[in-house]
There are 2 protein chains.
Amino acid sequence: MSQHSDPVTMPYRQRATLRDVAAMAGVSIKTVSRVVNGENGVAPAKVAAVTRAIRQLDYRPNVSASALRRANRRTAVIGMVLEDLANPFSSALLRAVEDAANERQLLIVAGSVDEDQERERTLVRAFSERRVDGLIIAPVGEDQGYLRAEVEAGTSLVFVDRLPQGIRADCVLSDNEGGARTAVHHLADSGHRHIAYLGDLRIIPTAQQRFAGYQHACLERSLPWTPANHVHDLHTVDDATAATERLLRSGDPPTALFASQNLVTIGAIAALQRLGLEDTVALVGFDDFPMADLLKPRVSVIAQDPSRIGRVAAEQLFQRLDGDDSAPRRTVLATTTIPRGSGEIPPARR
Amino acid sequence: MSQHSDPVTMPYRQRATLRDVAAMAGVSIKTVSRVVNGENGVAPAKVAAVTRAIRQLDYRPNVSASALRRANRRTAVIGMVLEDLANPFSSALLRAVEDAANERQLLIVAGSVDEDQERERTLVRAFSERRVDGLIIAPVGEDQGYLRAEVEAGTSLVFVDRLPQGIRADCVLSDNEGGARTAVHHLADSGHRHIAYLGDLRIIPTAQQRFAGYQHACLERSLPWTPANHVHDLHTVDDATAATERLLRSGDPPTALFASQNLVTIGAIAALQRLGLEDTVALVGFDDFPMADLLKPRVSVIAQDPSRIGRVAAEQLFQRLDGDDSAPRRTVLATTTIPRGSGEIPPARR
DNA sequence: GCCACGTTTGACAACCTTGTCGGATGAGTC
DNA sequence: GACTCATCCGACAAGGTTGTCAAACGTGGC
């Protein structure tokens, strides 16, 4: 083990280095390096001696030192910036990327931003200081221009879920507008003409797109345009519950609800249950969620496929890492309509 | 920018280094280092020149190189080995650790093991090759002895969710046995005497503990011991659904179910619904899950608090990082009983 | 015995950073 | 004017690794 360290100041046994291995095997450091990296040009006998020493010392290459010295500078780590590691959408995304990364022996460092632009930037900075090879980002702020410096420095970059602003780069996202449009069409097909929109924070681009889809569909089907039935900026279950209750208690309540997001859908369900209207008022939610088909009525949704987004984004990133420098691509993934019951309730007699 | 690189082999503009900053500011590398690290002993004028150069070059310290050279060798990264980044329990844990890590400017690299021992070891190896400062591990294999080498090399280590084997180290977990016991008591309190056990893979220590709790409670309440009512090794929703259906269709069906885990609970609910027995057969599940209080009947559970486990584990790890070398601590967190309806259904007349 | 050639091998520098140490500078004291 | 002392600064080495290069070695042909 290292003779070059002071056992007093070092509370722990030092980790073995190339030097230690070389000393034990009776060869030069470089030869050990060659064996570790599987380069050829080392005599079988020496390979054996080196591998024995490696095993004996439980040698672990220092990947950081290696990346520092290596020509391509790759660290084999990619960074993911997500909305909230604990929410099902983000975590499915993360998991899908992890599975793809696995095949390439890449590690993932990840962080949550919670709709905080500042946090997005500090996370990216932290990743950049660790010299990650690539970044997969669900952007939150209004401007991702600051990432151009990263790209110039050679970091590959793929956005997911939301379009970036101020930079041209690959992006993989769902057809938010199309999905929302389908939801409204679906409700209109059952005869609904008073369909409320329950939406997330308007600063979120996907929320904007979903509202646009709603709007678009209303026009196409000549549904009455009733601003009182448009509720925006619902970001938590409780927000959504309260807003839905208020809406349904109003003078001219809608006969159907379109909930533009997971938590909003759940909040709406809670409100419907509280008012005993779950079998009377139709509901279609954007985003599938666990248990949707065990509730009563079972909940119809427009499903995104976060795993697929993650997988596609990872593949995109890998192509970039492999040197693809063609023009940035935007991949839009179709949503799936899953009718389960709640979206097929006909309008109540008024 | 770096004059010391070949623009042909380097496809991208190199990242600025201390050297570049020093050249631009007209000082030595070491002085720049001092400014970057906030050491004192630099004249205000030079500080200004250096900071200007840093901004102008968009200099990013190379944390890896820094850690390599630095006395304490800290990389400010911790590794997490979890069951499945996409499942709510793991992701809540991850998120809680992330929040705690944030305050210390630590980054997290994480990976899923999916009950695969082999994968646990390769992940740990990968983390170790990156020289993470600490590890938080939900162990899966039968032996974590291989981690002693990591600990000796100075890596701090905290286990979560499950006790490790073959190594003594800090561990933070829920009171699995106690929680299961409480569940059975709770059902017995409503008059049930035929309570089925629906359990996860028997190789999983937590599943063993929960079964022990079940067994313990049956003894305490002198409930009839009916092995036909003990189903083990259910690991997916579908497994659980099929097993539950089989059980309830048998000659002597139980009047209550104890589901030892999330997915099993969900599978049981699906089976109950399919048979129209959800309001007849009582159910208590181990682990809370989203939507549990929107189902009909609402589902009673024994809840763990994964966020709390994560937070406590992170704090434990930080103490170790700060030099605490007292004896390993085991922290057992109490579970919470949440009665919501399904667990309070009285036994059906037989 | 000489040379040419291919294979093995190690010395050395370099990657980017920080710790150590000593030199330069300037102010203050006698 | 000579001294101490504190402050500021840079040269240098080192951390673990890999790329470059040249030396050493063994082989085969003349």
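Please rank A:Asp84, B:Asp116, fewest neighbouring Cβ atoms within 10 Å first, as an exposure proxy.
So the residues, fewest neighbours to most, are B:Asp116, A:Asp84.
Loop only by DSSP, 10 or fewer other Cβ within 10 Å of the Cβ. Give me the chymotrypsin sites (Phe, Trp or Tyr not before Pro) in the stretch B:211-251 that pass, ordered by residue number.
Counting only loop positions with at most 10 other Cβ atoms within 10 Å, the chymotrypsin sites (Phe, Trp or Tyr not before Pro) in the stretch B:211-251 are B:Trp225.
Looking at chain B, what % of its DSSP beta bridges pair antiparallel, to the nearest 5?
10
How far apart are the A:Tyr146 label points across copies, placing each 7 Å from Cα toward Cβ, in nm, shortest first?
Label-point distances to the other copies, shortest first: 4.0 nm.
Pairs of Cα atoms under 8 Å, at least six residues apart: use those to get the relative contact order of the stretch A:1-157, whole percent.
Relative contact order for the stretch A:1-157 comes out at 18 percent.
P(r) of the stretch B:102-170 in 10 Å steps, Cα pairs, percent per bin?
Percent of pairs per bin, in order: 20, 58, 21, 1.
Give the share of C-alpha pairs in each 10 angstrom bin for the stretch B:18-61, from 0 to the last occupied bin, in whole percents, shortest bins first.
Using 10 Å bins, I get a P(r) of 35, 61, 4 for the stretch B:18-61.
Scan around B:Arg340 for amide H atoms under 5 Å from its own, H built in the peptide plane at 1.01 Å from N, and keep only partners 5 or more places away or cross-chain.
B:Ser300, B:Val301
I'd like the distance between the alpha-carbon centres of the stretch B:153-203 and the stretch A:328-350, rounded to an integer number of Å.
40
Hey, what does the equivalent ellipsoid look like for the stretch B:223-302, semi-axes from the Cα gyration tensor as sqrt of 5 times each eigenvalue, largest first, whole Å?
19, 14, 12
Starting from the Cα of A:Lys30, draw a straight line to each of the lysines and keep only those under 28 Å, dropping any in the same chain fewer than 8 residues away.
Result set, ordered by chain and number: A:Lys46.
Return the distance in nm (one decimal) between the two label points of a simple spin-label model at B:Asp279 and B:Ala348, each offset 7 Å from Cα along Cα→Cβ.
Rounded to a tenth, the inter-label distance reads 1.3 nm.
Out of all DSSP beta bridges with both ends in the stretch A:160-287, state the antiparallel percent to the nearest 5.
Here the antiparallel bridges make up roughly 0 percent for the stretch A:160-287.
Taking 25 °C and 0.890 mPa s as the conditions, I'd like the Stokes-Einstein D for chain A in µm²/s, using the Kirkwood hydrodynamic radius from alpha carbon pairs.
Calculated translational D: 105 µm²/s.
Under 20 Å from the 7 Å Cα→Cβ point of B:Asp322, by amide nitrogen: which residues of the stretch B:96-127?
Once the point is set 7 Å along Cα→Cβ of B:Asp322, B:96-108 turn out to lie under 20 Å by backbone N, inside the stretch B:96-127.
Can you list, shortest first in nanometers, how far A:His194 lies from the same residue in the other copies, with each label 7 Å from Cα toward Cβ?
Spacings between copies for this position, smallest first, are 5.1 nm.
With label points built 7 Å along Cα→Cβ from the Cα atoms of A:Thr226 and A:Asn37, find their separation and express it in nm.
Here the answer is 7.1 nm between the modelled labels.
Between A:His216 and B:Arg19, how many nm apart are label points set 7 Å from Cα along the C-beta direction?
Result for the modelled spin labels: 5.3 nm.
Give me the orientation-averaged projected area of the Cα convex hull of the stretch B:156-293, in nm², one decimal.
Hull-based average projected area comes out at 9.2 nm².
Could you tell me the relative contact order of the stretch B:18-61? Use alpha-carbon pairs under 8 Å, at least six residues apart, and round to a whole percent.
Dividing the mean separation by the residue count of the stretch B:18-61 yields 44 percent.
In nm, what does the list of distances from A:Gln165 to its counterparts in the other copies look like, shortest first, when each label sits 7 Å along Cα to Cβ?
Output for A:Gln165: 5.5 nm, nearest copy listed first.
Contact order normalised by length for chain A, with contacts defined as Cα pairs under 8 Å and 6 or more residues apart; what percent is it?
Value for chain A: 16 percent.
Return the equivalent ellipsoid semi-axes of the protein assembly as shown as a descending list in whole Å, where each equals the square root of 5 times an eigenvalue of the C-alpha gyration tensor.
Equivalent ellipsoid of the protein assembly as shown: 49, 36, 20 Å, largest first.
May I ask you to sort A:Ser66, B:Ser64, B:Ser28 by Cβ crowding, counting other Cβ atoms within 10 Å and putting the fewest first?
Values: A:Ser66 18, B:Ser64 24, B:Ser28 13.
So the ranking, lowest neighbour count to highest, is B:Ser28, A:Ser66, B:Ser64.
Which aspartates and glutamates, on any chain, are close to A:Lys296 with Cα under 16 Å apart, when same-chain ones fewer than 8 places away are left out?
Once the sequence-local aspartates and glutamates are set aside, what remains near A:Lys296 is A:Glu278, A:Asp279, A:Asp288, A:Glu344, B:Glu278, B:Asp279, B:Asp293.
Each reported figure results from applying straightforward, stated rules to the coordinates on display, with no laboratory input. Here the structure is a predicted model, which means the values were calculated and not measured. Positions of Cβ are generated from backbone atoms using ideal geometry, with glycine treated the same way; all protein chains shown enter the neighbour counts.
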